[in-house]
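Each remark here refers to the structure printed beneath this line.
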Amino acid sequence: MSSDPKLSPKPSSKPSVRTFRQRGAFVTGWFLIAIFLVVLAAITFGSHPEAGATLLLLAVVGAVYLSLIRPSVRLSADGVRLDNLVREVRLTWPAVDMLEDRWNLKVVTPDGAAYSSWAISAQRPTMSGGVSQNAAGSMVPTGTSSVPMGQSHRTGSAGAVAAAIEEAKVDYERAVSGGRIEPQPAQVHQVVAPVAAAGWAAVVVAVIVGILLI
């Protein structure tokens, strides 16, 4: 039985889902969690375990995970997905019109609605070629390099993720124009992420109960 070529996936070496998080927040989050877990173990297995303190530490661990580690931006064949603190925003590729990266990553739809990403913020670009840092910390031309001065986005920054989204949208448009896939409708779906909502609810409950038990 032959398959419809329009429904056949486009061969690609890229993963089906690309996930972006900022390295600084991600590493900091796991570092803090490790510290809190060590303290939690010391309290739990100490001679006088404190239930209230244990619950408060668990609440802090949960809050760190939900705010620094879980948020992300995901790209797939279906479009862009923004995993924020509580809400999840899914945009199909035709719904992605413009991208802003001045303060944080923001996806703008054709009708002007803007959706920000909690996970991806702007970062100062790195300088490359023909520059060096002076004593005051400023970047100045070296005067001896033949490599032209330029800038590049830091990995995981709003500028870098915006460029990845633009590249993925171009791939989608080429696949549509080449007849390899059917065009998508322009759609935006905003929902409360069940995992995030349940996690924050557990954090709030742990804080309240922990305070009452102290």
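The values are calculated or read from the model by the stated rules, or taken from the named source; none is laboratory data. Only a predicted model underlies this, so the values are computations on that prediction, with no experimental measurement involved. Every residue, glycine as well, gets a Cβ built from its backbone with ideal geometry; the counts of neighbours run over all protein chains shown.
A few points about this structure:
- Flag for Gly156 being in contact with a helix residue (DSSP H, G or I) (Cβ under 6 Å, 6 or more places away or on another chain), within 25 Å of Ala196 (Cα to Cα) and at pLDDT below 75: yes
- If the condition is being touching a helix residue (DSSP H, G or I) at 6+ places or on another chain (Cβ under 7 Å), surrounded by fewer than 22 Cβ atoms within 10 Å (Cβ to Cβ) and over 18 Å from Val192 (Cα atoms), then the range 73-105 contributes Leu99, Asp101, Asn104.
- Among the residues examined, Arg90 qualifies as in a strand (DSSP E or B) and either in contact (Cβ under 8 Å) with a residue 12 or more places away in the chain or closer than 11 Å to Val161 by Cβ (or both).
- Checked against the criterion of being more than 16 Å from the chain's Cα centre (by Cα) and at pLDDT 95 or above, the candidates Val73, Val96 yield just one match: Val96.
- The set of residues in the range 196-210 being farther than 30 Å from Arg102 by Cβ and surrounded by fewer than 17 Cβ atoms within 10 Å (Cβ to Cβ) consists of Ala198, Ala201, Ala202, Val204, Val205, Ile208, Val209.
- Cβ-Cβ distances below 8 Å connect the following pairs, each with a first residue in the range 174-189 that is over 30 Å from Val86 (Cβ atoms) and surrounded by 13 or more Cβ atoms within 10 Å (Cβ to Cβ), a second residue that is at pLDDT below 95 and of a type in the set (S, T, N, Q), and a separation of six or more residues or different chains: Arg180/Ser8.
- Among the residues of the range 109-122, the one identified as more than 19 Å from Leu85 (Cα to Cα) and crowded, with 17+ Cβ neighbours inside 10 Å is Thr109.
- Within the range 31-45, the only residue that satisfies the criterion of being surrounded by fewer than 14 Cβ atoms within 10 Å (Cβ to Cβ) and within 21 Å of Leu85 (Cβ to Cβ) is Phe31.
- Single residue of Leu82, Leu68, Leu55, Leu75 found to be assigned to a strand (DSSP E or B) and in contact (Cβ under 8 Å) with a residue 40 or more places away in the chain: Leu75
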